[in-house]
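Written below as structure tokens is the structure these notes are about.
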Amino acid sequence: MRLFKRKRKTSGPSPEPLSERVEAEEQDSVATTLAPVDEEPVHGEAILPRARESAEAPAQASTTEEISAPEDDPTSNAAPSLNDQEKKRSLFGRLRGALARTGSGLVEGISGIFAGGKVVDADLLDELETLLLSADVGIDATDRILNGIAPKLKRKELANAQAVVAALKEGMLALLAPIEKRLEIPSPADTPFVILVVGVNGAGKTTTIGKLAQRLTQSGRSVLLAAGDTFRAAAIEQLQVWGERHDVPVIAQAQGADSASVAFDALDSATARGTDVLMVDTAGRLHTQAGLMEELAKVRRVLSKRDARAPHEVLLVLDASTGQNALVQATQFGEAVDVTGIVLTKLDGTAKGGMIFSISERLGIPIRFIGVGESADDLREFVAKDFVDALFDTRPDV
């Protein structure tokens, strides 16, 4: 008789090296070592697209607001309209579609287990383990999920595929719930709320900044962007395009300039303008490049010289398609700049979406947003229940 307390085979997965594609992109973007960052940066001329004209907001009591999708109105007590319901179904449908490659393997695998009238026994745990690991859930997270299922199996509560799915969903939700924490920005703030955006090249940092800028401006926030990626070709122009698209000013210097100086100047400008939120882009770098990671840490220190509380949020952008390698990235970036939140991108293009469970089990860093597509609306706040429900939803229409 198999013991239901599972013995963990290893202390954790041996992370694979970063894919050749990501490493090649990084080497293209960072051809030489970054110039040392002065502790007191030299200020350069700011390149500003047209400033956004905004009406003065009426005085309001100091509160802390969560960044919500524009269609949500938490103050409304009215029943949602048909259009609101359709929007929510559409949003869920996009999430379900994004997770289809990850979820289909789980659902089809569970159905296969019970095909032909298979008797439910202790071997079910081994088969579920294989399915979860193939979805890149990771060994530690898989053990935790299955340890929650084992007592139900022992009590013979898992008689069919539906019961197994329900038990899996319960265990997964319990694992993800602690990292469901929305990004909160004080309103009104006495100083700009500074968001430092970091990650390896190709993860989607600049695109994430543009999408988040749209969400913020639609919620009534004033935003300023800092083009701190001064090393990748066309990175400054890419951020300026996002700024012009959403009528958000961008602070920039010439390519190859000191990125810490750009960040410092941008915080000065945001403070003078009374801007609500400053987002600072940074150059992509591999987590294994110690010298470049130290430069990133210096950017953080330079910001704190201008405002001891800055940056208020350090967002790490992770590409979901890198799977368990994302854990290594998160660990190294966390040591360098004290990551406070994660944006998980490209979930729509991978079967490795299960790595989000490893982030919760191994790191416990809050997931602020997930990317499920190319449009700005496809940058969604992470909701654990929606994620788990969409993972197992196989309906053709939502």
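List pairs: first residue in region 154-172 and within 14 Å of Lys385 (Cβ to Cβ), second residue of a type in the set (D, E, K, R) anywhere in the structure, Cβ distance under 8 angstrom, at least six positions apart or on different chains.
What qualifies is Lys169/Asp389; Gly171/Arg144.
Arg380 is checked against (1) in a loop (DSSP other than H, G, I, E, B); (2) of a type outside the set (A, V, I, L, M, F, W, C); (3) at pLDDT 90 or above; (4) within 30 Å of Lys169 (Cα to Cα) and fails just one. What number does that condition carry?
Result: Arg380 passes all but (1).
Just need a number here: residues in region 148-186 that are open to solvent by 10 Å² or more (accessible area, probe 1.4 Å), outside any loop (DSSP other than H, G, I, E, B) and either closer than 30 Å to Leu216 by Cβ or among the aromatic types (Phe, Trp, Tyr) (or both).
6
In contact with a Lys or Arg (Cβ under 8 Å, 6 or more places away or on another chain) and small (Gly, Ala, Ser), is that true of Ala326?
When the stated conditions are applied, Ala326 does not pass them.
Kindly list, by first and then second residue, each pair from a residue in region 361-388 that is without any contact (Cβ under 8 Å) to a residue 40 or more places away in the chain and of a type in the set (Gly, Ala, Ser) to a residue that is open to solvent by 40 Å² or more (accessible area, probe 1.4 Å) and part of a strand (DSSP E or B), limited to pairs with Cβ atoms under 8 Å and residues at least 6 apart or on different chains.
Matching pairs, first to second residue: none at all.
Could you check region 189-220 and list, in sequence order, the residues that are farther than 18 Å from Asp268 by Cα, assigned to a loop (DSSP other than H, G, I, E, B) and open to solvent by 10 Å² or more (accessible area, probe 1.4 Å)?
Asn201, Gly202, Gly204, Ser219, Gly220
What strands (runs of 3 or more DSSP E) completely inside region 258-353 contain at least 3 residues that are open to solvent by less than 30 Å² (accessible area, probe 1.4 Å) and of a type in the set (Val, Ile, Thr)?
Correct list: 341-345.
Looking at (1) touching a Leu at 6+ places or on another chain (Cβ under 9 Å); (2) surrounded by fewer than 23 Cβ atoms within 10 Å (Cβ to Cβ); (3) not in a helix (DSSP H, G or I), which one does Gly228 not meet, given that it meets all the others?
Of the numbered conditions (1) touching a Leu at 6+ places or on another chain (Cβ under 9 Å); (2) surrounded by fewer than 23 Cβ atoms within 10 Å (Cβ to Cβ); (3) not in a helix (DSSP H, G or I), the odd one out for Gly228 is (2).
Arg368 - would you say it is part of a helix (DSSP H, G or I), at pLDDT 90 or above, of a type outside the set (Phe, Trp, Tyr) and closer than 26 Å to Met293 by Cβ?
No, not satisfied.
In region 240-281, which residue that is under 25 Å from the mean Cα position of the chain (by Cα) and of a type in the set (Asp, Glu) is nearest to Leu196 (Cα to Cα)?
Asp281
Residue by residue through region 122-141, note down the ones that are of a type in the set (Val, Ile, Thr), in contact (Cβ under 8 Å) with a residue 24 or more places away in the chain and part of a helix (DSSP H, G or I).
Ile139 - this is the single residue of region 122-141 that is of a type in the set (Val, Ile, Thr), in contact (Cβ under 8 Å) with a residue 24 or more places away in the chain and part of a helix (DSSP H, G or I).
Is it true that some residue in region 266-282 is in contact with a Ser or Thr (Cβ under 6 Å, 6 or more places away or on another chain) and of a type in the set (A, V, I, L, M, F, W, C)?
no
The values are calculated or read from the model by the stated rules, or taken from the named source; none is laboratory data. Note that the coordinates shown come from a computational prediction; the quantities given were computed from them, not determined experimentally. Here Cβ is always computed from backbone atoms with ideal geometry, including for glycine, and neighbour counts include all displayed protein chains. Accessible surface is based on the protein model in full, side chains and every heavy atom, while ligands, DNA and RNA are left aside. Shrake-Rupley method; radii C 1.70, N 1.55, O 1.52, S 1.80 Å.
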